[in-house]
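Scroll down for the structure; my scribbles are underneath it.
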Amino acid sequence: MSVPELIVLNKPYGVICQFSAHEKYPTLKQYVPLPDIYPAGRLDTDSEGLLLLTVNGRLQAKIAHPKYKLVKTYWAQVEGKPDAERLQQLGQGVDLGDFVTAPAQVSVVSTADSARLWPRVPPIRERKTVADFWLQIRISEGKNRQVRRMCARVGWPCLRLVRVGIGRLNVFSLHLPLGQWQAVSPRDL
C-alpha cells in the first residue's frame, strides 16, 4: 500500500495524538490505519478538528516549526458574552505568565456558521444561566493549550475547541466528516 505524503484527519474529541496504545483514550491508529505516518503538530485530546499527518520528516518539521508561521484557525466556544475590550486583548496578545502570545486575528463566529459544526460526543455541559458564544482565533504559534489559556486569561473559559483550518486547508471546504481522513498535497497548505 502506498502511503500518501500528507493527510489531513478530522480528529474527534477524546482521541490522543499518538499511534501507540493508550490505556484511557483511543489513538490515531484507530482512525488512520497507515504505516510509518506521524502527526505534524499536535491537537489536545479534548480538542477536535484538523490534524496533519505525514511520512516525510522534513515536511513534518516544516509544518510544526513556528519559524514557518503556518496559520491555524480555531473556533472556541466560550462562556460569557462578546465585548470589544476582550476581543482587542486577544488580538493584541495575551500575557500567559510563561510567555506573551503573538497578536491573533479574532472575530465572533455567527450562530449560523457555528451550526455547521458536528455535535460533540459527549456534548459539552449546558447551563441555562450562563451565556456562551463562538470565537474564531487565528494564530501562527501553537504552544501547549494556548488558545484555551488565552480565552481563560481574558475571562472567557473555553467549553469546546475545534481547529477548523491549517494554512489554506479548511474542514468545511474539504467536506471532511469527523473521524475521517484524506490525502492532500503539501502545495495545498
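Quick note: the coordinates plus some simple rules give every number you see, no bench work behind them. If you're wondering where the values come from, they're calculated on a predicted model, not measured in any experiment. Cβ sites come from the backbone with ideal geometry, for glycine too, and all protein chains shown count toward neighbours.
Observations on the structure shown:
- Selection from the stretch 2-49 of residues that are buried (at least 19 other Cβ atoms within 10 Å of the Cβ) and in contact with a Lys or Arg (Cβ under 7 Å, 6 or more places away or on another chain): Tyr13, Cys17, Phe19, Leu43, Ser47, Glu48, Gly49
- Residue count for the stretch 66-101, restricted to those that are loosely packed, with under 15 Cβ neighbours inside 10 Å, assigned to a strand (DSSP E or B) and small (Gly, Ala, Ser): 0
- Search result, residues across the stretch 155-173 that are surrounded by fewer than 17 Cβ atoms within 10 Å (Cβ to Cβ) and more than 16 Å from Leu70 (Cα to Cα): Gly155, Pro157, Phe172, Ser173
- Residue in the stretch 111-132 that is farther than 18 Å from Val162 by Cβ and touching a Gly at 6+ places or on another chain (Cβ under 7 Å) present: yes
- Whether a residue is free of Cβ contacts under 8 Å to residues at least 60 places away in the same chain, among the aliphatic types (A, V, I, L, M) and part of a loop (DSSP other than H, G, I, E, B) was assessed, and Leu117 passes this test.
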